[in-house]
1. Once the piece of chain linking SER280 and GLU311 is laid out straight, how much longer is it, given 0.36 nm per residue of separation minus the C-alpha distance between them?
2. Once Rh for the stretch 92-225 is found with the Kirkwood sum over Cα pairs, what is the Stokes-Einstein diffusion coefficient at 4 °C and 1.567 mPa s, in µm²/s?
3. Quote the convex hull volume per residue of the stretch 218-368, based on C-alpha atoms, as a whole number of Å³.
4. Mind ordering 131-144, 272-285 by average Cβ neighbours within 10 Å, highest first?
5. For VAL183, which sequence-distant residues (separation of 5 or more, or a different chain) have an amide H within less than 5 Å of its own amide H, given hydrogens modelled in the peptide plane?
6. Need the list of aspartates and glutamates near LYS111 for cross-linking: C-alpha distance under 15 angstrom, and skip anything on the same chain fewer than eight residues off.
7. Looking only at the stretch 101-232, where both bridge partners belong to it, what percent of the DSSP beta bridges are antiparallel (to the nearest 5)?
8. So in the chain, what percent of DSSP beta bridges are antiparallel if you round to the nearest 5?
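Throughout, read-outs are computed from the coordinates displayed, never taken from laboratory work. What you see is a predicted model; the values in this text were computed from it and never measured. Backbone-built Cβ (ideal geometry, glycine too); neighbour counts: all protein chains shown.
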Amino acid sequence: MKKVAPASPPASDDRNRDPQPPPNRGPQKSDFMPGPLALIAELTHRCPLHCVYCSNPLQMKPRTEELSTATWIDVFKQAANLGALQLDLTGGEPLARADLTELIAAARSAKLYTNLITSGIGLTPERFDALVRAGLDHIQISFQDSQAAQGDEFAGTTAHEKKLAIAAAIKKHRIGFTLNFVVHRGNLVRLEEMIALAENLGAQKVEIAHVQYYGWATENRAALLPTRLQLDRSLEIIQAAEARLRGRLRVDYVVPDYYARYPKACMGGWGRKLMLIDPSGEALPCHAARVIPNLHFENVTKRPLEWIWQESESFQKFRGEDWMQEPCRTCDRRTIDFGGCRCQALLLAGDAALTDPVCSLSPKHDLVTAITDRSNFPATHALASSSESTLVTPSWIYRPNPS
Ligand code: SF4
Ligand code: FES
């Protein structure tokens, strides 16, 4: 039987040591943390696609710095010993690693539920058979659009038809299958078509996620950010799809941070649930953490995973509530969203310890409304709400492929 990750980790038992905890006291820096629920392994930054919304860092790791097969396998064992239940294999494009079958077999031996997050480019039916035989539990294929011309435009290469072919092969296997669409100003007009594509390809789940503005996506933000009108229409479409497809296809929708009233609990809270290892072995609390200046990240080739999780400066930095400033410090939602995203606070307001400016309670929230106001400017509004199958701008900044 397949393992599934529980919705939340076991509660800290530290309340027993604190005779009079303040109301809503969340875990503090010094508390023992249960291990991560999942390990996110960025096996490589190499990728045949050049997506305009890629959240990989601007400085990517070259092939020469990638961890060896043996080191990854050791990291998987350590993660399982630490309590992790799930392994997400991602990148870049994880299929660029020739040892992927071996890595999945090792993850299965370590009793990790293994999820492959891929563009599908580089996957043949034969290779997919081998991955399933090695123990792959779930595959998530990303599509850039429902239409080939637009999808290939956003991917910066010819990919859509190849994805369709491999998705048809996946359908024949009894394996968890999710289709993922990253949505934005340029493709939201085809949201209904995207959901229909997931239905036709036999996926069990379709994940519709708005662009997160980190890495390469930040470079293209003006062209990607949807209008309020687009967002409202997309919510109507999602609600109708959920009702129509209940019991057949699960529809997961991730709303865009910039239009939300409150932020999401980024990564389930800093250093609380997830641990990410980059291609060179650097352990990060989130995929964008390197944007935060003066924060030292440990490497799995130098330190045990358990020490990094429990003791390292980077994982402790924004764990718990000690670091919080007002309004988060006394806000009732601080144990729900943990003050939002540290990287977004840094990127938008220049200080990772501030309340995430996407929060409507943040004193810096006007930084976000200034951005969304520009996106809703009448001229762009007309373009983005058009039912024409139109490409928004020819001046994308494409993610390059590292050496
Ligand atoms: Fe969350 Fe802080 Fe906003 Fe409260 S003030 S909702 S804790 S980000
Ligand atoms: Fe770094 Fe949200 S991406 S904390």
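1. Residue separation times 0.36 nm, minus the Cα-Cα distance, leaves 9.1 nm.
2. The calculation lands on 83 µm²/s.
3. In the stretch 218-368, the Cα hull volume divided by residue count equals 158 Å³.
4. Packing order, densest peptide first, comes out as 272-285, 131-144.
5. Counting only residues 5 or more places away or on other chains, the set is ALA209, HIS210, VAL211.
6. ASP74, ASP88, GLU102, ASP137
7. Roughly 0 percent of the DSSP beta bridges within the stretch 101-232 come out antiparallel.
8. 10 percent
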